[in-house]
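Notes follow once the structure below has been shown.
The values are calculated or read from the model by the stated rules, or taken from the named source; none is laboratory data. Keep in mind that what you see is a predicted model, and the values were worked out from it rather than measured. For neighbour counting, all protein chains shown are included, and Cβ atoms are generated from backbone atoms with ideal geometry for every residue, glycine included. Please note that ligands, DNA and RNA were not included when accessible areas were found on the heavy atoms of the full protein model with its side chains. Shrake-Rupley method; radii C 1.70, N 1.55, O 1.52, S 1.80 Å.
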Amino acid sequence: MSGRCQLRTRLFSRFARNLAAASVPAPCSCPPSPSFFPEAETTSCSTESIDALCRHGFFHEAFDQCLRLRSLKAARRLHSHLRSPPFNPPTTLFNRLIYAYCKCGSLVDARKMFDEMPHRDTCSFNTLMAGYSNAGDLAEACRLFDEIPIRDHFSWSSIIACYTHHNFPTQSLELYRRMLREMAAENSKYSNRFTASSALAASTAVLSLRHGREIHCHIVRAGLESDAVVWSALSDMYAKCGSIKNARQVFDLSSDQDVVSWTAMIGRYFDAGRRMEGLELFRHMFSTCVRPNDFTFAGVLDACSELAVEGLGREVHGHMIRVGSDPSSFAASAVLHMYSKCGNIEKANIFFERMLKPDLVAWTSLISGFAQNGQPRKALLYYDLLLESGIRPDHITFVGVLSACVHAGLVDKGIEIFNSIKEKFELRHTTDHYSCVVDLLSRAGRFQKAEEIINGMPMKPDKFLWASLLAGCRIHRNLKLAKRAAESLFDIEPENAATYVTLANIYASAGKWDEVEKIRRKMDERGVVKKPGSSWIEVKRKVHVFLVGDDSHPLAKQIYAFLEKLQIKMKEEGYVPDTNFVLHDVEEEQKENNLSYHSEKLAVAFGIFATPPGTFIRVFKNLRICGDCHTAFKFISNITGREIIVRDSNRFHKFKNGDCSCGDYW
DNA sequence: TTAGGGTTAG
């Protein structure tokens, strides 16, 4: 039998089933296929196509169309066909209608339908219950669950997942145990792949390895190991409960690895901070028959952005082109973000211009990228273009726009945009918006206005706001306000060494060494340890990491010798080490030595040493760049003729011909 | 006919 004949026979049998279900005479002996109705393929005349399908008894096709279009109008039309006598539709069709109403967003219609039904089965309850759960009405979902006369696995898995989705995972686990008890009493199979994976999600949410292991045993006993979702949920549980090793073991043992399990396992490494292993697994994926998709690419690109490894990011971008990834998907925005976070804002800009339909994420990435890469005016230009495009900015876009104003030192413009968030765009100010505006004002030395804004905030200022204020106080040496900001930070996060160090540096700049000593003692008493600064650079696809005074690199001797030579030349050009940035009250020469071997200086020196003349140097640091390194890199860029880009925890600094893109405003 | 795992911007 040819494929066409097979299709026709299948359609006919379905047609006959529908007719039998609807108890109506057949309109003709040879039914047309749904594709005979061209209007059924269009979205503009959904009700006409529903009419056409229902007239010929294609009810299930009509439901499919409703769901595809998510059209409430179409669902209501279908309802009117089911109501018209002499139709006597079976419960199945009514259940599908409840489902369609839920998917089209009308729980009122779904409930009405449910209440009108002459006979309700378990599926009717399950469908409406899932509808309430998805709409966020946990109470009504629970009420329905209690009313179900005979519960099946659908009922249990829905209610277990429902409680977890609404942040009540402990109750989910209690329900799972209740299910086991009730099913054991009825001698029925006690768990299936849906209830098991939902219960696993609950034990993951409460971070209970004990519960997770118990469910793992149920899975083995019930022989559910062949299901990809169960394996993935199991692996997720182990990873989130702290055992990435067990998560990987489960993944490796899985007999049914699909693209989702691969993507999730790679993501687990990233979440655990083990990005290199995540990238390794991604590469390994290419030796299997499972092909990565946009979710995989977006996750890996995000890790490349965090690690600032453009070489790997480009490799991922290349894979995306080869597999024909949709240039309008969210993964395309992740490509743009990767280029921007790797300091290649020019490439990000070109990529953006080639996007057919950039979404808000792409616009926001580009705007924030320009802001962080020392081109705030371009950020503001693209903000204007965004408004012209008709896409509405959201609160994250405004963080980028406001930070552009901060980097450009545009105080009045920043305040104007800050006010427009509420007045023009009718959005609520977030703490991030307040942090930006306080950053803007305090960097400009307008502390009175900054304090006014802080005192008028409807919410408690967060650590980012106080840290911005403290940074402004460091620039303008405002000791009084610095103390207030630091005290607030000590309350919020007493373990963060950066606050102590910044405050100590402010006192050190003012020569108040007794205060510096007090802070040092406070750090000792509280057991606060400075987060070690580390910098890294990618050379020939290999990442080289440096710590302060690090001599573990195989080329350490050459790097130090090269740095010493550079130092001499820099001094000849007028460089004076700025020892204000050293916390401890030590001799000047010792301070100078401490400065000379900061991780970022070692990474930059290695980059210049290991790459041919003219190559861009891109260094990344986990903390903020120190002030002395900032000055030193200006000299180094001039002496060596190299462009040096440093991405610190806050922003990018592009050093070229003795200047920095931040204009020393950081 | 109804239920479970992966996603991008500060």
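Tabulated results
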quantity: Some residue of segment A:152-171 being farther than 24 Å from residue A:263 by Cβ, surrounded by 16 or more Cβ atoms within 10 Å (Cβ to Cβ), more than 10 Å from DNA strand B (Cβ to nearest atom) and of a type in the set (Gly, Ala, Ser); calculated: no
quantity: When residues of segment A:128-151 are limited to those that are open to solvent by 20 Å² or more (accessible area, probe 1.4 Å) and near DNA strand B (Cβ under 9 Å from one of its atoms), the one farthest from residue A:112 (Cα to Cα); calculated: A:134
quantity: Members of segment A:312-344 that are of a type in the set (A, V, I, L, M), open to solvent by 10 Å² or more (accessible area, probe 1.4 Å) and within 11 Å of DNA strand B (Cβ to nearest atom); calculated: A:334
quantity: Residue pairs meeting the criteria (Cβ under 9 Å; at least 6 apart or on separate chains; first touching a residue at least 24 places away in the same chain (Cβ under 8 Å) and outside any helix (DSSP H, G or I), in segment A:386-410; second near DNA strand B (Cβ under 9 Å from one of its atoms) and charged (D, E, K, R)); calculated: A:391/A:359
quantity: Verdict on residue A:215 being out of contact with any His (no Cβ under 6 Å at 6 or more places or on another chain) and under 20 Å from residue A:182 (Cβ atoms); calculated: yes
quantity: Looking only at segment A:82-115, and only at residues there that are at pLDDT below 90 and part of a helix (DSSP H, G or I), the one that is surrounded by the most Cβ atoms within 10 Å (Cβ to Cβ); calculated: A:82
quantity: Pairs with Cβ under 6 Å, 6+ apart, first in segment A:88-99 and over 10 Å from residue A:75 (Cα atoms) and within 8 Å of DNA strand B (Cβ to nearest atom), second modelled with pLDDT of 95 or more and open to solvent by 40 Å² or more (accessible area, probe 1.4 Å); calculated: A:91/A:121; A:95/A:123
quantity: Filter result for residue A:217 (open to solvent by 20 Å² or more (accessible area, probe 1.4 Å), more than 10 Å from DNA strand B (Cβ to nearest atom) and in contact with a Gly (Cβ under 8 Å, 6 or more places away or on another chain)); calculated: no
quantity: Single residue of A:255, A:235 found to be small (Gly, Ala, Ser) and open to solvent by 20 Å² or more (accessible area, probe 1.4 Å); calculated: A:255
quantity: Looking only at segment A:350-389, and only at residues there that are of a type in the set (S, T, N, Q) and open to solvent by less than 20 Å² (accessible area, probe 1.4 Å), the one that is modelled with the lowest pLDDT; calculated: A:373
quantity: Tally, over segment A:639-666, of residues that are exposed (fewer than 15 other Cβ atoms within 10 Å of the Cβ) and under 17 Å from residue A:622 (Cα atoms); calculated: 1
quantity: Residue that is modelled with the highest pLDDT, among those in segment A:296-317 that are more than 20 Å from residue A:264 (Cβ to Cβ) and among the small types (Gly, Ala, Ser); calculated: A:313
